[in-house]
Structure formats: C-alpha cells, structure tokens
1. What do you reckon, how do 34, 39 stack up by accessible area (1.4 Å probe), largest on top?
2. Over segment 1-48, calculate the relative contact order: mean separation of alpha carbon pairs under 8 Å at least 6 apart, over the residue count, as a percent.
3. Quick one: net charge of residue 28's neighbours, Cβ under 15 Å, K/R +1, D/E -1?
4. Sticking with the crude label model, points 7 Å out along Cα→Cβ, report the distance from residue 42 to residue 15 in nm, one decimal please.
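The values are calculated or read from the model by the stated rules, or taken from the named source; none is laboratory data. These numbers come from a predicted model, not from an experiment. Cβ: placed from backbone, ideal geometry, glycine included. Neighbour counts: every protein chain shown. These accessible areas exclude ligands, DNA and RNA; they are computed on the full protein's heavy atoms, side chains included. Shrake-Rupley method; radii C 1.70, N 1.55, O 1.52, S 1.80 Å.
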Amino acid sequence: MNYKRETSTELYTLWNKSGNGTTITSASAGAIYVIQACVSIDGWPDSCDSKRE
C-alpha cells in the first residue's frame, strides 16, 4: 500500500508480507489522505490501483 499522511508530502509504502487475510499497521501520526492499494506477485511487476484522495 502506498499512502500519504496529512503531516507530510512524502509518499510512504507499507508492505504486508504475512499473507492473505492478515493486517498490518504503521506508527500513529497524521491522518492518511491518499491511499493506493498494490498487489505483489512473485516474478511479476507490482500492480497498483489508482490513487484515491
């Protein structure tokens, strides 16, 4: 997942490497205002949807 927080213009990436049906969290900071879901499949390019604000 790619995301931006209201406290920064930097684009962050959060990887969940635990598999299907699991969740992951990031440290608390400003609210997330842009989110982009991505799928990573071994041996294939990453596939990301459009950014949502």
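1. Details: 34 10, 39 85 Å².
Per-residue accessible area, sorted high to low, gives 39, 34.
2. So the answer I get is 41 percent.
3. Details: positive: 5; negative: 6.
Summing Lys/Arg as +1 and Asp/Glu as -1 gives 0.
4. Using points 7 Å along Cα→Cβ, the separation is 1.4 nm.
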